[in-house]
Amino acid sequence: QVQLVESGGGLVQPGGSLRLSCAASGRIFNIYNMGWYRQTPGKQRELVAVVSSGGSTNYADSVKGRFTISRDNAKNTVYLQMNSLKPEDTAVYYCEVTTLSNVYWGQGTQVTVSS
């Protein structure tokens, strides 16, 4: 059984920083993409950032220059460093891991940006 465990969410003031982590455990092999999505009430889940097995990255326009995604293949872990946070970044953040045959999702972690 594969499990994704997220951590690092919380409350931060505008302009602040947070670092999200997502560790995959269990029988998981041949991980391709690892990514972060976010969702707010009444809206569809949207891509924030993704990193491929080769290290290529892709970001939503709204976070370019502020967020950085990275991965540690030895630990099956993906990170999202979020700087210069804005109130509109407030959402539940989900990690996603794609393998040859499956897509796995984390349980979500709340990020709230407010003064």
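Once the C-beta distance of Gln3 and Gln81 is scaled by a Förster radius of 22 Å, the resulting FRET efficiency is 0.45 to the nearest 0.05. The residues of the stretch 1-101 expose, per residue, 54 Å² of accessible area to a 1.4 Å probe. Using a Förster distance of 30 angstrom, determine the FRET efficiency expected from the C-beta separation of Thr90 and Ser70, and round it to 0.05. FRET efficiency, Thr90 to Ser70: 0.85. Working value for the chain: equivalent-ellipsoid semi-axes of 24, 14, 13 Å, each the square root of 5 times a Cα gyration tensor eigenvalue, largest first.
Remark: the stretch 6-21, residue by residue, has Karplus-estimated 3J(HN,Hα) of 9, 7, x, x, x, 9, 9, 7, x, x, x, 10, 9, 10, 9, 10 Hz, where x stands for each Gly or Pro and the curve is 6.51 cos²θ - 1.76 cosθ + 1.60 at θ = phi - 60°. Here the accessible area is traced with a 1.4 Å probe on the protein chains. For the stretch 64-115, carbon and sulfur cover 46 percent of it. DSSP beta bridges confined to the stretch 5-115 are antiparallel in about 90 percent of cases.
The values are calculated or read from the model by the stated rules, or taken from the named source; none is laboratory data. It should be emphasised that the depicted structure is a prediction, and the values quoted were computed from it without experimental measurement. Neighbour counts run over all protein chains shown; Cβ positions are idealised from the backbone, glycine included. For accessibility, only protein heavy atoms count, side chains too; no ligands or nucleic acids. Shrake-Rupley method; radii C 1.70, N 1.55, O 1.52, S 1.80 Å.
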